[in-house]
1. For the stretch 46-114, compute Rh as the Kirkwood radius over C-alpha pairs and then the Stokes-Einstein diffusion coefficient at 20 °C and 1.002 mPa s; write the answer in µm²/s, rounded to an integer.
2. Expressed as a rounded percentage, what relative contact order does the stretch 22-112 have, with Cα pairs under 8 Å and six or more residues apart?
3. Please state, as a whole number in µm²/s, the translational diffusion coefficient that the Stokes-Einstein equation yields for the stretch 122-175 at 20 °C and 1.002 mPa s, with Rh defined as the Kirkwood radius across alpha carbon pairs.
4. Please compute the Kirkwood hydrodynamic radius of the stretch 86-172 from all pairs of different C-alpha atoms, in Å with one decimal.
5. Please work out the FRET efficiency for the pair residue 126 and residue 86, using the Cβ-Cβ distance as r and a Förster radius of 30 Å; give the result to the nearest 0.05.
6. Using alpha carbons only, how many angstrom separate the centre of the stretch 126-195 from the centre of the stretch 56-108?
7. Quick one: ranking 79, 142 by accessible area, 1.4 Å probe, largest first, what do you get?
8. Any idea what the dipole of the stretch 88-176 comes to, in debye rounded to 20, about its Cα centre with Lys/Arg Cβ at +1 and Asp/Glu Cβ at -1?
Amino acid sequence: MSDFTLTASVRNDLGKGASRRLRRANQQVPAIIYGGEAAPESIAVDKTSFYKAIEDEAFFSSLITIEVAGKPQQVVVRDLQRHPYKPLVTHADFMRVDASHEITLNVPLHVVGDDKCAAIKDHDGELHVLNNEVEISCLPKDLPEYLEIDITNVELGTTLHLSDLEVPAGVTIVALTHGEDHDNAILSVTKSKVRVEEDDDAPEAPAAPESKSDGAADEDKSE
């Protein structure tokens, strides 16, 4: 598991105006830590280390250590509020984790073996990934950064479901706890659709014969 450590300070100056001033200073990101038995705590996270961390996919499915005024706390990221059009995070929500309590989190789904899959390489198969992440439940110590599914031997026309995933010990796929009806498809390998392009040089189809005028039709009937 990746090791992410952030440094933060307690944020006493609260409100929208205070958050704007903090962002304008461009050194820290407003955030909050909540959950567990302790009260919610407003903090300001060091911007440099935070922006570097969120570039890594694993950050969103890993345990994170936040040192607030020198005191470490273990958390997971719950939400990031982003600026509507600038590449900025305006606020971050972190949830405390307890080693003795399970947490529910979305983890990425990594598909491997597509470069070796005969259905794709030799039979014009096309891979369709229907879900990029999976909701799981586990103790913090068992939290995987991602789940992997190998499609090396998947045949053409195959659809794989959540129940086809191999999960580490202690990890539960949340949807499957609700019954077979929630065994959602996660990917399929289907025959590639080939679009036939029109040939500009092909001869035009002959025009349909013109219909007789009403007068000619009447003459035919009178004969």
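1. Details: Rh = 13.9 Å.
Using the Kirkwood radius from Cα pairs, D works out to 154 µm²/s.
2. Working: 134 pairs, mean separation 24.9, N = 91.
Once normalised by length, the contact order is 27 percent.
3. Values: Rh = 13.0 Å.
The diffusion coefficient I find is 165 µm²/s.
4. Working: mean 1/r = 0.0651 Å⁻¹.
Computed over Cα pairs of the stretch 86-172, the Kirkwood hydrodynamic radius comes out at 15.4 Å.
5. On the way: r = 36 Å, r/R0 = 1.21.
So the FRET efficiency works out to roughly 0.25.
6. The distance from the Cα centre of the stretch 126-195 to that of the stretch 56-108 comes to 24 Å.
7. Descending accessible area places them as 79, 142.
8. Numbers: 4 positive and 17 negative charges, 54 e Å.
Its charge dipole is roughly 260 debye.
The values are calculated or read from the model by the stated rules, or taken from the named source; none is laboratory data. Please read all numbers here as calculations on a predicted model, not as lab measurements. Here the Cβ is made from the backbone with ideal geometry for all residues, glycine too, and neighbour counts use every protein chain on show. For the accessible areas, the whole protein counts, side chains as well, though only heavy atoms, and no ligand, DNA or RNA atoms are used. Shrake-Rupley method; radii C 1.70, N 1.55, O 1.52, S 1.80 Å.
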